[in-house]
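First up is the structure itself, then whatever we jot down about it.
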Amino acid sequence: MSGWLIVGLVGALGAMGRHAIDIGSRRRFPNGPSVGILTVNLLGSFVLGVIAGLSATRYIDPDLRLAVAVGFCGSFTTFSTFVAELAGLVDQRASRMLVGWTAAMVIGGGVLASIGIIVGRSW
């Protein structure tokens, strides 16, 4: 199967998953930055870490790696929406929330990606 088709099909699933999580979280937490975007970015970091860990210790089919890493994680996670959320916090002059949200996303994503690598290597 063509890499383009794999990325497109699996990417559609990732984008729909992100949208569903974002909508669900905004219903529960309507104020402030999107908890859903934080959730998908952290989950995507973990999943990508698992794929990296697995790839470091065993053969992973290139199409599967492409589907999960580029297709799913690439469309499930979103840097642009994260930055737009931060811009909104800057506009609101919500300095503490801005720092906390940035730390949660960047440090949390790094920690979860690292944990994912450890998990992937242990399988």
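None of the figures in this text is laboratory data; all of them are computed from the coordinates on show. What you see is a predicted model, and the numbers here were worked out from it, not measured in a lab. Heads up, the Cβs are rebuilt from the backbone with ideal geometry, glycines too, and the neighbour counts pull from every protein chain shown.
Observations, loosely collected:
- Checking the stated criteria, Thr39 turns out to be in contact with a helix residue (DSSP H, G or I) (Cβ under 7 Å, 6 or more places away or on another chain) and free of Cβ contacts under 8 Å to residues at least 40 places away in the same chain.
- Some residue of segment 52-73 being aliphatic (A, V, I, L, M), surrounded by fewer than 15 Cβ atoms within 10 Å (Cβ to Cβ) and in contact (Cβ under 8 Å) with a residue 24 or more places away in the chain: yes
- Number of residues in segment 95-123 that are touching a residue at least 24 places away in the same chain (Cβ under 8 Å), surrounded by fewer than 18 Cβ atoms within 10 Å (Cβ to Cβ) and either of a type outside the set (S, T, N, Q) or touching a Phe, Trp or Tyr at 6+ places or on another chain (Cβ under 7 Å) (or both) equals 9.
- Counted residues, segment 24-46 - those being part of a loop (DSSP other than H, G, I, E, B) and loosely packed, with under 12 Cβ neighbours inside 10 Å: 2
- Scope segment 47-99; condition in a loop (DSSP other than H, G, I, E, B) and within 19 Å of Gly120 (Cα to Cα); matching residues: Arg58, Tyr59, Ile60, Asp61
- Tallying residues that are surrounded by 14 or more Cβ atoms within 10 Å (Cβ to Cβ) and within 14 Å of the chain's Cα centre (by Cα) within segment 1-18 yields 6.
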